[in-house]
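The values are calculated or read from the model by the stated rules, or taken from the named source; none is laboratory data. The structure displayed is predicted, hence computed values, not measured ones. Using ideal geometry, Cβ is built from the backbone for each residue, glycine included, and neighbour counts are taken over all protein chains shown. These area figures cover heavy atoms from the full protein model, side chains too; ligands, DNA and RNA do not enter into them. Shrake-Rupley method; radii C 1.70, N 1.55, O 1.52, S 1.80 Å.
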Amino acid sequence: MYQLIRKFVLTESHCLEEDNTKTFAELFEKLDANKDGKVDVSELKTGLAAMGFTMGKGEAQKMFASGDTDKDEGLDFEEFSKYLKEHEKKLRLTFKSLDKNQDGRIDAKEIQQSLKDLGLNLTDRDAEKILHSIDADGTMTVDWNEWKEHFLFNPADNLQEIIRYWKHSTVLDIGDSLTIPDEFTEEEKTTGIWWKQLVAGGMAGVVSRTGTAPLDRMKVFMQVHSSKSNKISLVDGFKQMIKEGGVASLWRGNGVNVIKIAPETAIKFMAYEQYKKLLAKDGGKIQSHERFMAGSLAGATAQTAIYPMEVMKTRLTLRKTGQYSGMFDCAKKILKKEGLKAFYKGYVPNILGIIPYAGIDLAVYETLKNAWLSRYAKDTANPGVLVLLGCGTISSTCGQLASYPLALVRTRMQAQASMEGSEPVSMSKLVKKVMQKEGFFGLYRGILPNFMKVIPAVSISYVVYEYMRSGLGISK
């Protein structure tokens, strides 16, 4: 097999464009069994099998679908050669990212390190097993030709797929913005797909937050007004809100909540890339703990910039009918009555909340991701919808549980001036007050509607994200 493929595709003598075209033409002729100038799926499978390629389930179809740009159920020579050239570029990019010391060869340690950068901890034995499956000449290192030979007719760039498919914070929006930003592959960055994915994620967040806004308002309402002496159930809370302001009042505060998505996402992404550059060592590769630090700092930077909108969101959510005519009226009245510092009330517990939320969310998500990849990832790193939604829901819920007391304290501090007879107090005094009057579980007021909105929020955001991907022309 190796000699045959080298002869037709991979030899160094065919590195020039004209030689590549000639080589591809010879290979195309071999695959085109009925000599009609097109290669269909059946011919592709049979021809590659005859050359010694064992393709996984659905791989030939996936390769065919990627190359068949005019969707006529057949690859002509132009489509065939274009697919091979583009796929070879992707393989070259992946090879370079693995070749840490740039010596033109990949060893077991480099494979181990690269997978560790993606959050996968691999034993020496497993790394050697992966290397052995690619190593054609038995040297226990892989050069470019061996790498290309192994993967040229495999449509899955496995290491890149792990990043591509396991998007978390971009895809799933549950209303909180404290998660570590997602990684993007080199291909996504160079082709500009990253900004389309951020736009798709932003739109998913808008629809998701709007769909779950009544539960979010109920959470804030219970965080601020519910207590041992004034217990508010879900049904009674919704009745009170509808009675006071009608059904439309259930969406109070949603406008500013969706408007802040765009600036926050943009600032967080740009800050994250800069912090990664500052913290990264070893040739620019970032470790898991450095990714956590960069993500937390990026989250803090974004929250600092848009925090006045967070305060306005809380005030607008809790407002009574006629209190504010809109976002700008709210900002004007807060500034006039309480001064500029009012826009940063609750800032400290909010920033402190980033660490437990982001840390636990990242740790749980990476653990679940690694468990799935090690057990089930055979032909592809694509986990499927249910696994992705499940992992995202579980990790986000764990992050919320850890940071919820700080979120409650933040919300009460933001709302203090709007509550009659309420004296402004510090974070520590507020925690002590809640613990004395309501006990430890007083710090979890409103957690029920918060948990109730997780599954619908995750589901809505994923569906909208997929529709947006399709609309923006982002391929799978």
Item to check | Fully extended contour minus Cα-Cα distance, from Ala266 to Tyr467, at 0.36 nm per residue | outcome: 70.2 nm
Next on the checklist: Which entries of Lys62/Lys369; Lys231/Lys345; Lys333/Lys429; Lys228/Lys437; Lys341/Lys437; Lys45/Lys129 have Cα-Cα distances beyond 18 Å here?
Outcome noted: Lys62/Lys369; Lys231/Lys345; Lys333/Lys429; Lys341/Lys437; Lys45/Lys129
Checklist outcome for this item: Sorted on mean Cβ neighbours within 10 Å (highest first), peptides 99-112, 127-140 come out as 99-112, 127-140
Next on the checklist: Per 0.36 nm of contour for each residue apart, how much would the distance between Lys85 and Thr367 grow if the chain were fully extended, relative to their Cα-Cα spacing?
Outcome noted: 97.9 nm
Checklist entry - So between Lys337 and Glu273, what do we pick up on full extension, going 0.36 nm a residue minus the alpha carbon distance? => result 19.2 nm
Checklist entry - Per 5 Å bin, what is the whole-percent P(r) computed from every C-alpha pair distance within the range 333-445? => result 2, 11, 16, 16, 13, 11, 9, 8, 6, 5, 3, 1, 0
Checklist entry - If each of Glu73 and Ile455 carries a label point 7 Å out from its Cα toward its Cβ, how far apart are those two points in nm? => result 4.2 nm
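Rank these by accessible area, largest first, 1.4 Å probe: Arg412, Arg217.
Values: Arg412 30, Arg217 10 Å².
Solvent-accessible surface, decreasing: Arg412, Arg217.
In terms of solvent-accessible area of protein heavy atoms at a 1.4 angstrom probe, what is the ranking of Lys196, Lys336, Lys281, highest value first? Could you put the intermediate results ahead of the total?
Numbers: Lys196 60, Lys336 180, Lys281 135 Å².
Accessible-area ranking of Lys196, Lys336, Lys281, largest first: Lys336, Lys281, Lys196.
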Next on the checklist: Just to confirm a number: summing +1 for Lys and Arg and -1 for Asp and Glu over residues other than Gly255 whose beta-carbon lies under 14 angstrom from that of Gly255, what do you get?
Outcome noted: +4
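Return the FRET efficiency for the residue pair Glu438, His289: r is the Cβ-Cβ distance, R0 is 30 Å, and the value is rounded to the nearest 0.05.
Values: r = 36 Å, r/R0 = 1.21.
Rounded to the nearest 0.05, the efficiency is 0.25.
Among Trp372, Trp251, what's the order by accessible area (1.4 angstrom probe), most exposed first?
Highest to lowest solvent-accessible surface, that is Trp251, Trp372.
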